[in-house]
Structures are given as structure tokens and as C-alpha cells.
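**Student:** Quick one: this structure, given as C-alpha cells, is what I'll be asking you about.
The values are calculated or read from the model by the stated rules, or taken from the named source; none is laboratory data. The model shown is predicted, which means the values in this text are computed figures rather than measured ones. Because the Cβ atoms are built from the backbone with ideal geometry, glycine has one as well, and the counts that use them run over all protein chains shown.
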Amino acid sequence: MQQYPIQPEENIMKARFTITAVILAAIVFANSANAALPDPGVTIVPGRTALLITDPQNDFLSPDGVAWGVVGKSVTENNTVENIDALFKAAKANDIPVFVSPHYYYPTDHGWHFEGALEALMHAIHMFDREGALTTEGFDGSGADFLEQYKKYINDGETIVASPHKIYGPETNDLVLQLRKRGIDKVILGGMSANLCTESHMRELLEQGFEVAVVSDATAAAIVEEGNGYEAALVNFRFIANAVWTTEEAVQKINDSK
């Protein structure tokens, strides 16, 4: 069969078609990339959902705490202390299990051979220090102790207080085990500090297969010359968590779940 050579006009048409297709694909990709992030959400299911509060301790949340100079502004602006209280209260009223992941340092922890920036600072200012792993001597009212107004929730015999985490995340404590043993696979998360322990708990729980809703104003973080830890955390909460709620939204969802 005789073949006819492609005419220049056909080449031009094909080139135009290819260019148009590339431009349209680029526009579609750009629109998708710039679209608002999806909001998967978290549905509170009784028996499968828990409230988790990280580091609800004096050194972070009390004006007398050693970290107040850098976290106090953020805690005050977010009304963090009262918002955490509201979460505790709502969870207890609606039979939502409550977990606390505390942060303690014992004398032997000060023998570490190397530390990250915040680890070094925490050890230098004796943040969360306790007399030892097997004693509560000097604990009551110390920087490592829980904020006084939370004790009625934490010391009620029902709240699960995990073993202490040592850096930021729950990889070094028994939190995940405690959640799994109670059939929990959804976590409402608040506490301190937003871009450190709270964010690290969020990340690890997600990696472990939990759904996580972060309560954005039930946390706070240090504001230092190098940056605002709270603002940094908000970006990652939105990018990573299943849901980001305000305290008002979280309390309403907890109350509606019963």
C-alpha cells in the first residue's frame, strides 16, 4: 500500500495538540496541588475512643514552672489550662477513657552521654526532675507533679497514667500497649508541648494505626528567638492528623457521642 508523507500542516496540528494537552495537565495538577487539604475526620465511638493528655505538669502549665518563661505567653493566649480541664471534664462525664503520658527525669537520666537541644535545656533547668523511679519523695507540688486542678481527674482511680516518656514520643513508654489492651483505636489528643511531645505522640500513634484528632487550643508551645513552636505545630497537625478540633468542638463531639 502506498504511504503518503506527513505534511507540514499535520506536524503543526500534532504539535499544537501535544502542547495543549501538556498545558491542560499542568493546570489540573496545579489546581489539585493547591486545593484545600481533605478533612478525613474522626468519629468518636464509645469503647474505642480515648482522651490522651501529654505532660499536664507544673513545669509547663504553672506560672511557677521552670518553662513558664518561654511557654507562658502561648499557654495564656490559648487558654490551654482551662481547655485541658474542659476535655478532662467532658471525657469523665461521658465515660471516655482518659490516658496521661507524663514526662519524668530521674537522677540516672542525667548521666546520658549526648542530648538534643531541648533535652540539654530540660536537664540544665531540672525540668520534670524526680528523686527516683521508686520514690515519690518531693514529688507533690514539684515541677514534675500534675497541675493541682487536674488531680481530681487523674487521681480518681480510673485514669491510666502511662510510664514516663523520656524524649518526646511514646516509643519509650507503655502508652500504646495500654491503649491496645483496652481496645482503643481512636485518640483525642491534647497537652504539652505542641511541637514536641504532643506532636511526637500524634506522629507515633498514627504510625501505629490509631486515628488521631488533635485539639489545637488544648496545647501550647515555647516562643523563642528561633521560632514559635505552637505555630510550627499547627501546620503539622493539619497536614498529618485525621482531624484538628478546637476544645469547643471536641467537647461537643464527646457530649454527642454518648
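**Student:** If only one of Phe88, Phe128 is on the phi > 0 side of the Ramachandran plot, surrounded by 19 or more Cβ atoms within 10 Å (Cβ to Cβ) and hydrophobic (A, V, I, L, M, F, W, C), which one is it?
**Tutor:** Just a single option satisfies the conditions, and that option is Phe128.
**Student:** Could you tell me which residue of the stretch 64-101 is farthest from His123 (Cα to Cα), considering only residues that are within 17 Å of the chain's Cα centre (by Cα) and of a type in the set (Phe, Trp, Tyr)?
**Tutor:** Taking the candidates together, the pick is Phe88.
**Student:** Go through the residues of the stretch 119-129 one by one and say whether even a single one is touching a Lys or Arg at 6+ places or on another chain (Cβ under 8 Å) and under 23 Å from Leu61 (Cβ atoms).
**Tutor:** no
**Student:** Counting only residues that are of a type in the set (Gly, Ala, Ser) and either assigned to a strand (DSSP E or B) or touching a residue at least 60 places away in the same chain (Cβ under 8 Å) (or both), how many does the stretch 99-131 have? Can you show your working first?
**Tutor:** If we filter the stretch 99-131 for residues that are of a type in the set (Gly, Ala, Ser), which is where we start, we get 101, 111, 116-117, 120, 124.
Next, from what is left, pick out any that are either assigned to a strand (DSSP E or B) or touching a residue at least 60 places away in the same chain (Cβ under 8 Å) (or both): 101.
Qualifying residue count for the region: 1.
**Student:** Right, here's the next one. Being assigned to a loop (DSSP other than H, G, I, E, B), buried (at least 18 other Cβ atoms within 10 Å of the Cβ) and hydroxyl-bearing (Ser, Thr, Tyr) is the requirement here; does Tyr168 meet it? So that I can check it myself, show each step before the final result.
**Tutor:** Values: assigned to a loop (DSSP other than H, G, I, E, B): yes; buried (at least 18 other Cβ atoms within 10 Å of the Cβ): yes; hydroxyl-bearing (Ser, Thr, Tyr): yes.
Yes.
**Student:** Let me ask something else about it. Considering the stretch 132-159 alone, what residues qualify as being in a loop (DSSP other than H, G, I, E, B) and touching a helix residue (DSSP H, G or I) at 6+ places or on another chain (Cβ under 9 Å)?
**Tutor:** Gly132, Ala133, Gly141, Ser142, Gly143, Ala144, Asp145, Leu147, Asp156, Glu158, Thr159
**Student:** Here is a further query. Identify the single condition in (1) at pLDDT below 95; (2) part of a helix (DSSP H, G or I) that Tyr4 does not satisfy, given that it satisfies every other one.
**Tutor:** All conditions are met except number (2).
**Student:** For the stretch 146-200, give me each residue that is of a type in the set (Phe, Trp, Tyr) and closer than 26 Å to Ala117 by Cα.
**Tutor:** Selection gives Phe146, Tyr168.
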